[in-house]
Amino acid sequence: MTTQYLDLFSRLIEGSDGGKREFLEIGRLAGRFPAASLRDIEGTDSISVWCSNDYLGMGQHPAVLEAMKEAVDKFGAGAGGSRNIGGTNHYHVQLEKELAALHGKDDALLFTSGYTANDGALSVIAGRLEGCVVFSDALNHASIIDGLRHSRAEKRIFRHNDTAHLEELLAAADPDVPKLIVAESVYSMNGDIAPLPEIADIAKRHGAMTYLDEVHAVGMYGPEGAGIAARQGIADDFTVIMGTLAKGFGTTGGYIAGPADVIEAVRMFSRSFIFTTALPPAVAAAALAAVRHLRSSDAEREQLWSNAQLMHRLLNERGIPFISDQTHIVSVLVRDEALCKRMSAELLDRHGIYVQAINAPSVRVGEEILRVAPGAVHSADEVRGFVDALDQVWERLGADRLPLGTAK
Ligand code: PMP
């Protein structure tokens, strides 16, 4: 590369405070969640992790590990091709059937991540229907935003969880064009839940399709872990349910489940499905074991919810503000980038607790949070220990408290 280009890159990263690099250093964990050691495999800095998306601990569940090892022995390490050209394995097909059954839909389609599932599915669903207008929640994930960008469909953004605004936008749209409403059931940064019955009702009245990202809900909520819409008995009202295998199911990959023809259209046209190597069979086998386990066991969901409720109660008692008590995603509101980073650093240095500070662009400036994820693998005592440590850091750094009893 000529110096001229290197200079351009130097200018591009100018002003970066090294925050991201520091993040990558801290994030280099080794060990089994929620215990970990820092910086190297033999590291002696033993810490506990409070920001993993392996919410139910399925990434280390014996049945999941066993299934993965067995599949590696039988089928090797990689898929060997894209799904359409030699890369489809027995486990991919079985997993798609299992996911369709989980959500009570005709069919399902796997992708290599939740990101590529949203990107590929939305670019086809919104992009291939002539004149489709999309109504998208303001806090929808980057992968949804990118999928909609790739669709080139006309887009109207409704204020977060504001169904009156959604209704207003739909009422103003041409009644004769196809319409699609896109929302998440559990919002990744706020940890709050969308008003799904109202959204479903609005969609029916305006003849809109619905696409629901249940990434932070599948495995964790609803009968057999089928998600929030299923918990509310309205999964049928959502045309497409989208999920990940990387959070509740502890592995990696993403999927959509929906009507046969919609799934087939995505299979035919989605670039992020067609032009990439399929998930390794062993990953599909592990995910299949996780989905099956969580369809038959409530224990992990119960433990997760019990830990989440305990954390909500303890934070309330100490006046430490957090956004929502509706889910296991406990977003502690710090509202200051520097303070948020210091809190994260002090928790790590003084208490051996790792929880990542979340700053822009993941949240808006001034809405910085510590996104705490109590998991099913934490004990109640560990939850108490976590809140005690946070309380001490909160005090030491002079962060604002809510008057007691007014927190969520
Ligand atoms: N949707 C939402 C709401 C997410 O939060 C994420 C990732 N955190 C994704 C989709 C992408 O999922 P994956 O990590 O499987 O790519």
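Cα centroids of region 151-192 and region 217-262: how far apart, whole angstrom?
Cα centroid of region 151-192 versus Cα centroid of region 217-262: 19 Å apart.
Select from Ser136, Val124, Gln94 the residue farthest towards the positive end of the dipole of region 81-153; place +1 on Cβ of Lys and Arg, -1 on Cβ of Asp and Glu, and compute about the Cα centre.
So the residue we want is Val124.
May I have the pair-distance distribution P(r) for the chain, computed from all Cα-Cα distances with 10 Å bins from 0 and rounded to whole percent?
Values per bin, smallest distances first: 5, 21, 29, 27, 15, 3, 0.
Compute the orientation-averaged projected area for region 80-159 from the convex hull of its Cα atoms and round it to one decimal in nm².
Details: hull surface 26.1 nm².
Averaged projected area of region 80-159's Cα convex hull equals 6.5 nm².
Using the Cα centre as the reference, give the magnitude of the dipole from point charges on the C-beta atoms of region 286-408 (Lys, Arg: +1; Asp, Glu: -1; all else neutral), rounded to the nearest 20 debye.
Details: 15 positive and 17 negative charges, 51 e Å.
Charge dipole of region 286-408: 240 debye, to the nearest 20.
Once you have a ≥ b ≥ c as the square roots of the Cα gyration tensor eigenvalues for region 309-408, tell me rounded if a/c is under 1.5, and otherwise prolate or oblate according to whether a/b is larger than b/c. Before the final figure, lay out each step's value.
Details: a/c = 1.29, a/b = 1.17, b/c = 1.10.
Verdict is rounded for region 309-408.
Arranged by the count of other C-beta atoms within 10 angstrom, fewest first, what order do Met268, Met58 take? The partial results should precede the final answer.
Working: Met268 12, Met58 27.
By the 10 Å Cβ count, ascending, the order reads Met268, Met58.
Using 0.36 nm times the number of residues separating Leu65 and Tyr5, minus their current alpha carbon distance, what extension gain do you get?
Numbers: separation 60, 0.36 × 60 = 21.60 nm, distance 4.56 nm.
In short, 17.0 nm is gained.
For region 105-204, what is the charge dipole size about the Cα centre, in debye to the nearest 20, if Lys and Arg each add +1 at the Cβ and Asp and Glu each add -1 at the Cβ?
On the way: 9 positive and 16 negative charges, 56 e Å.
Once rounded to the nearest 20, the dipole reads 280 debye.
Quick one: grab the alpha carbon gyration tensor of region 271-348, order the square roots of its eigenvalues as a ≥ b ≥ c, and give me rounded if a/c is under 1.5, else prolate or oblate depending on whether a/b is larger than b/c.
On the way: a/c = 3.13, a/b = 1.59, b/c = 1.97.
In terms of gyration-tensor shape, oblate.
Assigning unit charges at the beta carbon (Lys, Arg +1; Asp, Glu -1) and nothing else, what dipole magnitude in debye, to the nearest 20, does region 79-137 show about its Cα centre? Don't skip to the answer; put the middle values down first.
Values: 4 positive and 7 negative charges, 33 e Å.
That gives a dipole near 160 debye.
Under a 10 Å cutoff between Cα atoms, tell me which one of Glu368, Glu346, Glu395 has the largest fluctuation in the Gaussian network model of the chain.
Looking only at Glu368, Glu346, Glu395, the largest GNM fluctuation is found for Glu395.
What does the charge count near Val134 come to, summing +1 for each Lys or Arg and -1 for each Asp or Glu among other residues with Cβ under 15 Å from its Cβ?
Working: positive: Arg128, Arg149, Arg152, Lys155, Arg156, Lys179; negative: Asp119, Glu130, Asp137, Asp146, Glu154, Asp174, Glu184, Asp213.
With Lys, Arg at +1 and Asp, Glu at -1, the neighbours total -2.
Which of Cys51, Cys132 comes first, and how do the rest follow, when ranked by fewest Cβ neighbours within 10 Å? Show your work: numbers first, answer last.
Values: Cys51 17, Cys132 20.
Ordered by Cβ neighbours within 10 Å, fewest first: Cys51, Cys132.
Once you've got the GNM for the chain with C-alpha springs shorter than 10 Å, pick whichever of Gln232, Gln309, Gln60 has the biggest mean-square fluctuation.
Comparing Gln232, Gln309, Gln60 in a Gaussian network model of the chain, the most mobile one is Gln232.
Considering the options Pro195, Gly219, His206, tell which one lies farthest towards the positive end of the dipole of region 177-250, charges being +1 on Lys and Arg and -1 on Asp and Glu at the Cβ, about the Cα centre.
It is His206.
Using only the Cα atoms of region 266-309, construct the convex hull and provide its projected area averaged over every direction, in square nanometres to one decimal. Can you show the working numbers first?
Values: hull surface 19.9 nm².
About 5.0 nm², averaged over all directions.
Could I get the Rg over Rh figure for region 290-331? Both from C-alpha atoms, Rh via Kirkwood, rounded to two places. Please report the intermediate quantities before stating the final value.
Numbers: Rg = 12.8 Å, Rh = 11.4 Å.
We get a ratio of 1.12 for region 290-331.
If you wrap a convex hull around the C-alpha atoms of region 166-268 and split its volume per residue, what is the figure in Å³?
Details: hull volume 11.5 nm³, N = 103.
Convex hull volume per residue, Cα atoms: 111 Å³.
Counting only other residues whose beta carbon sits under 12 Å from that of His165, what net charge do I get with K and R as +1, D and E as -1?
On the way: positive: Arg156, Arg159; negative: Asp137, Asp162, Glu167, Glu168, Glu198.
My count for the surroundings of His165 gives -3.
First check a/c for region 106-196, with a ≥ b ≥ c the square roots of the eigenvalues of its C-alpha gyration tensor; if it is under 1.5, answer rounded, and if not, answer prolate when a/b is larger than b/c or oblate otherwise.
Details: a/c = 1.88, a/b = 1.09, b/c = 1.72.
Judged from the Cα gyration tensor, region 106-196 comes out oblate (a/c at least 1.5, b/c at or above a/b).
If you keep only loop residues by DSSP, which trypsin sites (Lys or Arg not before Pro) in region 235-305 have at most 10 other Cβ atoms within 10 Å of their Cβ? Let's see the in-between values first.
Working: sites: Lys247, Arg267, Arg271, Arg292, Arg295, Arg301; in loops: Lys247.
Answer in residue order: no site qualifies.
Rule-based calculations on the coordinates, nothing more; no lab input. Since the structure is predicted, the reported quantities are computational estimates derived from the model, not experimental observations. Because the Cβ atoms are built from the backbone with ideal geometry, glycine has one as well, and the counts that use them run over all protein chains shown.
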